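First the structure, in the form of C-alpha cells, and then the observations on it.
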Amino acid sequence: MLDRRYPLQLNRGQPIAPVLFVRGEVHADEVGVSVVGSRDASPRGQQIAGDIARGLVGRGIAVISGLANGIDTAAHRATLAAGGRPIGVLGTGITRVYPETNRALHQRVAAAGALVSQFWPEHPPDKHTLALRNATIAGLSRASVIVEAGERSGSQVHAPLRAGLPPAADPDRSGRRIDPVGTRNGVPAGSLRGRWHCRGVAHCRSSGG
C-alpha cells in the first residue's frame, strides 16, 4: 500500500488488499471499468461482454475482470483484439493458472496490461480467495458491468462493494434499462448510455448509437 504504484482506487473499498503481486504494469491512477458475470455465459452474453469491452477500449478505459471462463474470458479477449489494456484479477497466487484452459490468456493479459493477485504466489483457489478477488475487482473499478450473473453469483459481490456507486448494468434480471455510471466516477458520460437494454439476461440487446 505504501508503494507509489499501488492503485489509489483500492483505498476506497473494503477489504483493502495490503499487498499486490503483479505481472505486467499497474497504474496508481488507472481509470478502469470491470466487466464480469457468469462462467456459463450464453453466446449472446459473451457477445455483449465483448461489445462493451470494445466500447470501453475505444474510450481509453482499461477493462478489468477475473480470468474465469465465460464473461471474464470474453471481455479480455475482446479487449486484446481491440488493442486495449486488460487487467486480470486472480483468485489464486500469481504463479497459478485457473482454469488451466486460460493459460495462454494469462500470458497475453500480462503482456498487454497486468495480472494482479493479493495472495501468496502458490496459493490455490478456494471460495474465500475467489470472494476476496471479487472485492478487489470492485475496488479497482470506477464502475462495473455485470452480464448474465445469477442471484447467487460471485459477481453480485460487486453491488454492495461499489461504495454507493451504481453498477453499469442491471444484474437482477428485472428488465430495467441498463444505465451506466457517468462522469462522477471518472468514466466519460455516454460511454455506454443509450446503447444497451435488457429484458432478462438472454435478451440483452444493443440499441445502436
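Taken together, the values in this text are just the output of simple stated rules run on the coordinates, not laboratory data. Keep in mind that this is a model prediction, so the values were computed, not measured. Please note: Cβ atoms are built from the backbone with ideal geometry, for glycine as well, and neighbour counts cover all protein chains shown.
Give me the net charge of Gly24's neighbourhood, meaning all other residues with Cβ under 11 Å from the Cβ of Gly24; Lys, Arg count +1, Asp, Glu -1.
Combined, the nearby Lys, Arg, Asp and Glu give +2.
Which length gain, in nm to one decimal place, applies between Arg44 and Asp126 when the Cα-Cα distance is subtracted from 0.36 nm times their residue separation?
Here the answer is 26.7 nm.
For Arg5 paired with Thr101, estimate the spin-label separation in nm (one decimal), with each label point 7 Å from Cα along the Cα-to-Cβ line.
3.3
What number comes out for the charge environment of Gly93, summing +1 per Lys or Arg and -1 per Asp or Glu over other residues with Cβ under 13 Å away?
Local net charge: +1.
Find out how many positive minus negative residues lie around Asp72, taking Lys and Arg as positive, Asp and Glu as negative, among other residues whose Cβ is under 14 Å from that of Asp72.
Net of charged neighbours comes to +2.
Mind ordering 68-74, 127-133, 28-34 by average Cβ neighbours within 10 Å, highest first?
Ranked by mean Cβ neighbours within 10 Å, highest first: 68-74, 28-34, 127-133.
Can you pull the three principal axis extents for the Cα set of the stretch 1-136, in Å, largest first?
40, 31, 25
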